[in-house]
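Here the structure is laid out as C-alpha cells; the discussion comes afterwards.
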Amino acid sequence: MIPAWLSTLLKQREDAVLVTVAHAEGSVPRKAGARMLVMNAQDQHHEFHTADTIGGGHLEWAACGFAREMLADPDARRAVLKRLPLGPTLGQCCGGVVFLCFERIDSEAREAFQQIAERLGKGLPTRRRVTFDSTGAASLQDEFGMPLIFGARQKDDPSSPRYAPENLACELVEEDGKRCLHDLIAPSPARLFLFGAGHVGAAIVHAMAPLPCAITWVDQREHLFSLACPGGVPANVTIEATDSPEAVVHEAPPGASYLVATHSHALDCQLSEHILRRGDDGWFGLIGSRTKRIQFERRLAARGLSQERLASMVCPIGLPGIVGKEPAVIAIAVSAQLLQVWEAQQSAAPALPEATKQRA
C-alpha cells in the first residue's frame, strides 16, 4: 500500500515539505512516524494543501505555517528539527511534546521517494537517514541496512538482521554530537486475503480502503471487480481473478488474515479447510450464522481437522453487539474487528534487541 502522502508527493511537480513526527513524549495526537505533506495551493481560495495528517488542531496548523516559510525561502535548509510542547506553546490539552522533522522535497529528493514507492509495491521496507542543518539529501538503506544507490544495493549479507517495522519505525539518534532521524518506511504488516467479490466483499473493500492494510481480493468471477469498483480498485487492494482460489491460500505469507465470504457454501467450506490446515493464520473469519458454523465444524471435523483448529475459526464475524445484516453494516463491524486483531498482534510483537538496532 502506498500511503496518501507518498502518492501525492510523486504526483507533485512543485517543491513540497514533508513533515514527520520524529519523536513524541507524553500524550500526543500521533506517534512517531506519522507524516503529512504540505504544498503551496494552486488556487486563490487556499493558502496551502496537505496530504495525510500529523494529528490536526493547532499543532498541524503551526506545522503548516513553518512548512510554508520553508517553501517561500529558496535558501532554507533541506531538513530542520523543531521541538513543540503542545501545552505551553500551542495550548493543546494533551500536553505532550512533539519533535517534528521538516524536509523540503525538490525534484532530486523526489527520485528517492519514487524508489521507496517501488520497494513498497514489492513489500520491501526502506530506511532513510535524515541529517539536520545539512544541504545533503537523505540517504537510503534496504531492509538489511545496506545502502541503496540508484535502484541498486550492495551485496546482501544474510547474517545482517532485518528491521522490524513495528518496533523501529522512527527514531532520533546522536551521531558525532549531532541529531539525525532514522526513519523506516515499511509496508503495513496487516495483510488480509478476502475471498468473495459479492455485495459484502465489495462493501468490506470500500470500508477498508483508507485503512493501513494490504488486501488481496479473490474471486473466480472477474467481471465483479469492475462492477464493485467502477472508479478503480483502492490503492491498498490487489485483485486475484482465479479459478483456483485455494492456491492463493497456499501462497499467502505466515500470519496473514483471511476472510471467506464467497457465493458458494461448498467453496466456503473448501477454502476454510485449506486455511485451517495451514495452521499459521493470524486470523480467520467465515461469513455466516451460528447454524452455518455448526454445520461446517461437523464437515471439517469429519475431514480430520482438530477441535483446536476449528475453535480458531471466527464465525459469525464482526464486533459483538452489531447485528445488522446490511453489507455496509457488516463491513464496518468486520473492519473494526480486524483493526482490534491487528493492533493486538502488533502490540504483542517481540521487541527488537538493542544489538540489532544498527546505526547508519
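Read-outs throughout are calculated quantities, based only on the coordinates presented, and are distinct from any laboratory measurement. Please read all numbers here as calculations on a predicted model, not as lab measurements. All Cβ positions, even for glycine, are placed from backbone atoms using ideal geometry, and neighbour counts span all protein chains on display.
Just give me a number: lysine pairs in the chain, eight or more positions apart or cross-chain, with C-alpha atoms less than 22 Å apart. Lysine pairs meeting both conditions in the chain amount to 8. Could you tell me the relative contact order of the chain? Use alpha-carbon pairs under 8 Å, at least six residues apart, and round to a whole percent. After rounding, I find 13 percent. Applying the Karplus relation 6.51 cos²θ - 1.76 cosθ + 1.60 with θ = phi - 60° to the range 315-325 yields 3J(HN,Hα) values of 7, x, 9, x, 5, x, x, 9, 10, x, 9 Hz, where x marks Gly and Pro. In degrees, nearest 10, range 0 to 90: what is the angle between the Cα axis of helix 265-278 and the longest Cα principal axis of the chain? Once rounded, the angle reads 60 degrees.
Which of these, ARG298, ARG68, ARG191, has the largest mean-square fluctuation under a Gaussian network model of the chain (Cα springs below 10 Å)? For the chain, modelled as a Gaussian network with Cα springs under 10 Å, the answer is ARG298.
Each principal axis of the Cα cloud of the range 191-346 was taken in turn, and the coordinate range along them, longest first, works out to 44, 36, 30 Å. Relative to the longest principal axis of the Cα atoms of the chain, helix 57-72 runs at roughly 50 degrees. Using the Kirkwood radius over C-alpha pairs as Rh, can you work out the diffusion coefficient of the range 308-352 via Stokes-Einstein at 37 °C, viscosity 0.692 mPa s, in µm² per second? My calculation gives 273 µm²/s for D. Phi angles across the range 174-183 convert, under the Karplus curve 6.51 cos²θ - 1.76 cosθ + 1.60 with θ = phi - 60°, into 3J(HN,Hα) values of 9, 9, 6, x, 10, 7, 9, 10, 9, 10 Hz, Gly and Pro given as x. By how many degrees, 0 to 90 and rounded to 10, does the Cα axis of helix 199-208 deviate from the longest principal axis of the chain? So the helix axis and the longest Cα principal axis differ by about 20 degrees. Comparing LEU305, LEU286, LEU120 in a Gaussian network model of the chain where C-alpha atoms under 10 Å apart are linked, the largest mean-square fluctuation is found at LEU305.
Ranking of PHE66, PHE195, PHE102 by neighbouring Cβ atoms within 10 Å, starting from the fewest: PHE66, PHE102, PHE195.
Mean projected area of the Cα convex hull of the chain, taken over all directions, amounts to 21.7 nm². Considering only ALA67, ALA336, ALA311, give the residue with the highest GNM mean-square fluctuation for the chain, with springs between Cα atoms whenever their separation is below 10 Å. It is ALA311. In order along the range 227-240, phi translates into HN-Hα couplings of 5, 6, 10, x, x, x, 6, x, 5, 8, 10, 10, 8, 10 Hz, rounded to whole numbers, per the Karplus curve 6.51 cos²θ - 1.76 cosθ + 1.60 with θ = phi - 60° and x for Gly and Pro.
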